[in-house]
Amino acid sequence: MKSYDLSRNKLSGAIPPSISTLNYYSCLNLSFDLSGHIPSGNQLKTSDDKCIYIGNDGLCGHPMKSCPEDENPLKVMNELRTRLMISREHVGSPMV
């Protein structure tokens, strides 16, 4: 039984993909200050426990929110097009 607690250790940035090679742990805590895509592999792929990622609003991927690159590219493009049109309308409208 292994336990890895990497929370609040002044780590920042992306979770290294190599962490997905860890096996047979009973507890993993990656809370606070991380960002980017959550690597998939071994136990990370099957874990639905969002608690291990608390305080990492910049993380995406299973089990957290989807990463932008994982979303439907047409949906993303349409959202960007809509934002651009709204922005152009706002800039082009006369001031009263």
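Do you know which of the residues in segment 7-23 that are over 15 Å from S47 (Cβ atoms) and touching a residue at least 24 places away in the same chain (Cβ under 8 Å) is farthest from the chain's Cα centre (by Cα)?
Of the residues in segment 7-23, the ones over 15 Å from S47 (Cβ atoms) are 7-14, 16-18.
This time we only want the ones that are touching a residue at least 24 places away in the same chain (Cβ under 8 Å), so: 7-8, 17.
Values: S7: 16, R8: 18, P17: 13 Å.
Step by step, filter segment 7-23, then rank; the result is R8.
Could you tell me which residue of segment 13-56 is nearest to E69 (Cα to Cα), considering only residues that are at pLDDT 85 or above and small (G, A, S)?
Ranking the candidates gives G36 first.
Filter segment 9-34 down to residues that are touching a Ser or Thr at 6+ places or on another chain (Cβ under 8 Å) and more than 15 Å from I52 (Cβ to Cβ), then give me how many there are.
Qualifying residue count, segment 9-34: 3.
S40: of a type in the set (S, T, N, Q), over 13 Å from I15 (Cα atoms), more than 11 Å from the chain's Cα centre (by Cα) and not in a helix (DSSP H, G or I), yes or no? So that I can check it myself, show each step before the final result.
On the way: of a type in the set (S, T, N, Q): yes; over 13 Å from I15 (Cα atoms): no; more than 11 Å from the chain's Cα centre (by Cα): yes; not in a helix (DSSP H, G or I): yes.
When the stated conditions are applied, S40 does not pass them.
The values are calculated or read from the model by the stated rules, or taken from the named source; none is laboratory data. In this text, all values refer to a predicted model and were calculated from it rather than measured experimentally. A quick note on method: Cβ atoms are made from the backbone with ideal geometry, for glycine too, and the neighbour counts reach across all protein chains shown.
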